[in-house]
1. Considering every residue within the range 27-39, establish whether at least one is without any contact (Cβ under 8 Å) to a residue 40 or more places away in the chain, outside any loop (DSSP other than H, G, I, E, B), within 15 Å of the chain's Cα centre (by Cα) and surrounded by 18 or more Cβ atoms within 10 Å (Cβ to Cβ).
2. Let me spell it out: the conditions are (1) at pLDDT below 95; (2) assigned to a loop (DSSP other than H, G, I, E, B); (3) of a type in the set (D, E, K, R), and D48 meets all of them except one. Which number is the exception?
3. Go through the range 33-57 and report how many residues are touching a strand residue (DSSP E or B) at 6+ places or on another chain (Cβ under 6 Å), among the hydrophobic types (A, V, I, L, M, F, W, C) and within 16 Å of A102 (Cα to Cα).
4. So I112 passes all but one of these: (1) aliphatic (A, V, I, L, M); (2) surrounded by 18 or more Cβ atoms within 10 Å (Cβ to Cβ); (3) under 14 Å from D39 (Cα atoms). Which condition number does it fail?
5. Just the residues that are in contact with a Ser or Thr (Cβ under 6 Å, 6 or more places away or on another chain), closer than 13 Å to I25 by Cα and part of a strand (DSSP E or B), please, taken from the range 54-105.
6. Say we look at the range 116-139 and pick out the residues that are crowded, with 20+ Cβ neighbours inside 10 Å and of a type in the set (V, I, T); which of these is nearest to D48 (Cα to Cα)?
7. I'm checking my understanding of the structure. Among residues of the range 58-81 that are in contact with a strand residue (DSSP E or B) (Cβ under 6 Å, 6 or more places away or on another chain) and within 16 Å of W9 (Cβ to Cβ), which one is modelled with the lowest pLDDT?
Amino acid sequence: MLPHLYNGWEVDQAILSEEDRVVVIRFGSDADPTCMQMDEILYKISEDVREFAVVYLVDNTEVPDFNTMYELYDPCTVMFFYRNKHILVDFGTGNHNKINWAFKDTQEMIDILEVVYRGASKGKGLVVSPKDYSTEYKY
């Protein structure tokens, strides 16, 4: 299973301690269907991306410390950090801060992580997703 972080200090340490990999944090409830789908995708790719990314799960009802700071109002949110910096991704949806839907394909998530890693390791704070999601996921 994917590692869970149970308090704000653990989340901070996970983000601060990684020097060479992207930290992927899924905020949301383990019981939420969208989170369950996203967790399955993240679990499937975790071995494939372990060289350049590490995945953590945070239940934002147990750890509400970041709800206001990162505007975690959706049932499931995935965010990316690299060397203690929040990496923004342009998905074409207008929201560059996070992914708030679940993927159905593992390759999509791997592609996004590769783009995030390449951009972040070059010092970029905003990267462009390899796919435009503006029409795929309706809100």
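The values are calculated or read from the model by the stated rules, or taken from the named source; none is laboratory data. The shown structure was predicted, so the numbers you read here are calculated from the model rather than taken from an experiment. No Cβ is skipped: glycine too gets one built from the backbone with ideal geometry, and neighbour counts run over all protein chains shown.
1. Yes, the range 27-39 contains at least one residue that is without any contact (Cβ under 8 Å) to a residue 40 or more places away in the chain, outside any loop (DSSP other than H, G, I, E, B), within 15 Å of the chain's Cα centre (by Cα) and surrounded by 18 or more Cβ atoms within 10 Å (Cβ to Cβ).
2. (1)
3. Within the range 33-57, residues that are touching a strand residue (DSSP E or B) at 6+ places or on another chain (Cβ under 6 Å), among the hydrophobic types (A, V, I, L, M, F, W, C) and within 16 Å of A102 (Cα to Cα) number 5.
4. (3)
5. Across the range 54-105, the qualifying residues are V55, C76.
6. Within the range 116-139, the match that is nearest to D48 (Cα to Cα) is V116.
7. Per the stated criteria, the residue is N60.
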